[in-house]
Amino acid sequence: MKLLAKAALVACLLITAATPALSETPEEYIQRITISAEEGNSQAQETLATYYSSGEYGLPQDDSKAAHWYELAAEQGQWSAQVTLATHYLNGIGVPNDDEKAAYWLKKAVQPDTPRPNYLLGYMYQTGRGVPKDKAKAAEFYRQATLRGYQPALFSLGHMYFEGSGVEQDYSKSLELFKQAAQWGDAPSQNMLGHLYEHGFGTEKNMELAIKWYRNSASQGHVNGYISLGELYRHGKSLPENKTLAYAYYMIAEDKGYQDAAPELRDIAKGLSTEQIKQAERLASHRNANDPLPTPENL
């Protein structure tokens, strides 16, 4: 009984070490957390790392100190600290970029029910960062992450099935994965789902659904959603041909980072008057996130 009571007390202390007391000032709380972290409390170490990462509770924002405390917590088996530390090494945040160390910590953290490290390891095997490139292994890690509905993994695995990369090409499986992620609001998956419906990959062609998903994607600011709608207006494919709107959509895509927009804009501009180009520029400029998409009605 004494051992059980002692274990319960230790567990309680581990939890409260990383929780501010109502009577504490921020300075007192940080002092207590720091002491606890220095004494080896892994939860306090991770909490302190989080505060250095965000600059909370009066601490200066300091990525290198954050990485230091994440590493100490990770070495003691703190799962979430291992994942965060891996992303720091992957992106060079507070530490030099080191893909092999990122892979090391992700392998420590990964379990069948941990979607984020499964997804990140899938990405690393797909791209060959820190591990030998192995697209089949990447697909397996992505698949594990999709079992928990992890949206980036649904998109990545869907794309692998679409391309037949690391898996046998299967448009039906691609459609299923994109649809699941799209329904949860993933903009890249919404655009790809529109593409499948437009061209009849894994399903019958359905332009009404294609346009719906392109619009959903573009409404979230996804660059490919704008390009997809621009192409439909450009060629009058299930939408009234409208070069002015096509020009506007390509301008928005360019503003969102689409680097190949310039030649497309030049080509579309050949069929436009100066006034129509000004109309398109007006529609494309000074857009806010909640602005409605350009349509013939707001020309």
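Quick notes
- Sequence-distant residues sharing a close amide H with Thr114 (under 5 Å, placed H): none
- DSSP-assigned coil residues among chymotrypsin sites (Phe, Trp or Tyr not before Pro) in the stretch 204-273, each with at most 14 further Cβ atoms within 10 Å: none
- Each peptide among 43-55, 161-173, 107-119 gets the average number of other Cβ atoms lying within 10 Å of its residues, and from highest to lowest they stand as 43-55, 107-119, 161-173.
- Anisotropy class of the chain from Cα gyration tensor, a/c 1.5 cut: prolate
- Placing +1 on the Cβ of every Lys and Arg and -1 on the Cβ of every Asp and Glu, with no other charges, gives the chain a dipole of roughly 580 debye about its Cα centre.
- Sparse-neighbour loop sites [GluC sites (Glu not before Pro); the stretch 181-242; at most 14 other C-beta within 10 Å; DSSP]: Glu204, Glu241
- On Cα atoms only, tilt of 151-163 relative to the major axis of the chain in degrees: 50
- At an R0 of 51 angstrom, the distance between the Cβ atoms of Thr34 and Gln183 translates into a FRET efficiency of 0.70.
- The protection proxy used here, the mean number of other Cβ atoms lying within 10 Å of each residue, ranks peptides 189-195, 26-32 as follows, highest first: 189-195, 26-32.
- Gained length - Lys270 relative to Asp291, 0.36 nm times residue gap less alpha-carbon distance: 4.8 nm
- Placing dummy labels 7 Å off each Cα toward the beta-carbon, the span from Lys205 to Arg148 is 4.1 nm.
- Span from the the stretch 126-157 Cα centroid across to the the stretch 159-227 one, whole angstrom: 18
- Residue among Tyr250, Tyr70, Ala44 farthest towards the positive dipole end of the chain, charges placed on Cβ: Tyr250
- Unsatisfied cross-links (Cα-Cα over 26 Å) in the set Lys237/Lys278; Lys108/Lys133; Lys65/Lys137: Lys65/Lys137
Rule-based calculations on the coordinates, nothing more; no lab input. Predicted model, so just to flag it, every value in this text is computed and none were measured. No Cβ is skipped: glycine too gets one built from the backbone with ideal geometry, and neighbour counts run over all protein chains shown.
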